[in-house]
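Enquirer: Pasting in a structure now, in structure tokens, and then I'll have a few things to ask.
Taken together, the values in this text are just the output of simple stated rules run on the coordinates, not laboratory data. Here the structure is a predicted model, which means the values were calculated and not measured. Here the Cβ positions follow ideal geometry from the backbone for every residue, glycine too, while neighbour counts run over all protein chains shown.
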Amino acid sequence: MAIIEYKPTTAGRRGASVIKNEFVSAKRPNKSLTVGHSKKSGRSKGKISTRHKGGGAKRLYRIIDFGQDKVNIPAKVASIEYDPNRSAYIALLNYKDGEKRYILAPEGLRAKDEVIASANAPIKIGNRLILKNIPVGANIHNIEMIPAKGGQIVRTAGALAIVRAKEGGYVHVGFPSGEIRMISELCWATVGQISKAEFRMRSLGKAGKSRWLGKRPAVRGSAMNPVDHPHGGGEGRQPIGLKHPKTPWGKIAMGKKTRNKKKLSEKFIIKHRR
């Protein structure tokens, strides 16, 4: 995998870069594992609920098997593919019983490799096991929070969690945020780090590429009028005039802890995120 920087042949190409990987297939996605993808454009009942979203290129949604509930059935990796709906690559699996499924591709997984989801599977990249049988210090991703619910966390490009310890029916898992949490030893996780760790190092190069991704322009609050934003107003470029930056609705925007201390899962957190 490498980051390719373009020559500055145009203003849009200047500084632009893309991620190239010789192991990623250029073929079209498996038709039976795709569905149409209708966009809501950050709107609820026609009103903007999330700003700066809208437009973007048309996409097919790839159905990803986050649960990987085909236990004890080996599968061969048919191809590693690009997915426009997520930052990581995906892998097409051909199971021995003939079924095909997409999973998140871990770093180092290649076409023709064999993977399996089994409680006692070998500790190998791409294999899925219960946390009880994964050794301390191993890198894992696509982790269940509740047994048999399917993978919910550590699913973005380059992400990994680390098994820290095992105690009293729970496994202590360290997350990229710095949080350490107790998770039931009966929950499943996949061995390895998610692929495409270089995703955040690429440069889009031009505003138009953001629009292709469905991102609309963001206007600074300090460039607005006081009626539109707490940071607005003043002659010329003024400081925000507040102790803390605020959202357009007057809530503290940075540094304030928003997690409810009475949340049921609070007792499972050993160390909070940074």
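Enquirer: Look at segment 20-55 and say how many of its residues are free of Cβ contacts under 8 Å to residues at least 60 places away in the same chain, over 29 Å from ILE4 (Cα atoms) and of a type in the set (D, E, K, R).
Expert: Of the residues in that region, 5 qualify.
Enquirer: Give the number of residues within segment 160-184 that are touching a residue at least 40 places away in the same chain (Cβ under 8 Å) and part of a loop (DSSP other than H, G, I, E, B).
Expert: 4
Enquirer: May I pose another question? Looking at segment 73-97, I want the residues that are closer than 23 Å to ILE153 by Cβ and have a partner that is hydrophobic (A, V, I, L, M, F, W, C) and part of a loop (DSSP other than H, G, I, E, B) with Cβ atoms under 6 Å, at least 6 apart or on another chain. Which pairs are those?
Expert: ILE80/PHE23; ILE80/ALA105; SER87/ALA157; ALA88/ALA157; TYR89/ALA105; ILE90/ALA105; ALA91/ALA105; ALA91/LEU109
Enquirer: Give segment 26-58 a look and list any residue that's on the phi < 0 side of the Ramachandran plot and surrounded by 15 or more Cβ atoms within 10 Å (Cβ to Cβ), or say none.
Expert: Within segment 26-58, PRO29, ASN30, LEU33, THR34, LYS53 meet the criteria.
Enquirer: Further question: If you check GLU81, GLU22, which single one turns out to be of a type outside the set (A, V, I, L, M, F, W, C), touching a Ser or Thr at 6+ places or on another chain (Cβ under 7 Å) and within 28 Å of LYS206 (Cα to Cα)?
Expert: Working: GLU22 fails: touching a Ser or Thr at 6+ places or on another chain (Cβ under 7 Å).
Unique residue meeting the criteria: GLU81.
Enquirer: Out of segment 185-233, which residues are without any contact (Cβ under 8 Å) to a residue 12 or more places away in the chain and at negative phi?
Expert: Selection gives ALA207, SER210, VAL219, ARG220, ALA223, MET224, ASN225, PRO226, VAL227, GLY232.
Enquirer: Quick check on this structure: which one of LYS256, LYS243 is free of Cβ contacts under 8 Å to residues at least 40 places away in the same chain, part of a loop (DSSP other than H, G, I, E, B) and under 30 Å from HIS172 (Cβ atoms)?
Expert: Selected residue: LYS256, the only one of LYS256, LYS243 that is free of Cβ contacts under 8 Å to residues at least 40 places away in the same chain, part of a loop (DSSP other than H, G, I, E, B) and under 30 Å from HIS172 (Cβ atoms).
Enquirer: Additional query: Go through segment 221-240 and report how many residues are exposed (fewer than 12 other Cβ atoms within 10 Å of the Cβ), small (Gly, Ala, Ser) and farther than 18 Å from HIS52 by Cα.
Expert: Qualifying residue count, segment 221-240: 1.
Enquirer: Is it the case, given these coordinates, that LYS209 is in a loop (DSSP other than H, G, I, E, B) and more than 27 Å from GLY150 (Cβ to Cβ)? Working first, answer last.
Expert: Working: in a loop (DSSP other than H, G, I, E, B): no; more than 27 Å from GLY150 (Cβ to Cβ): yes.
The answer is no for LYS209.
Enquirer: Further, regarding this structure: Only one of (1) surrounded by fewer than 18 Cβ atoms within 10 Å (Cβ to Cβ); (2) not in a loop (DSSP other than H, G, I, E, B) is not met by ALA148, so which one is it?
Expert: (2)
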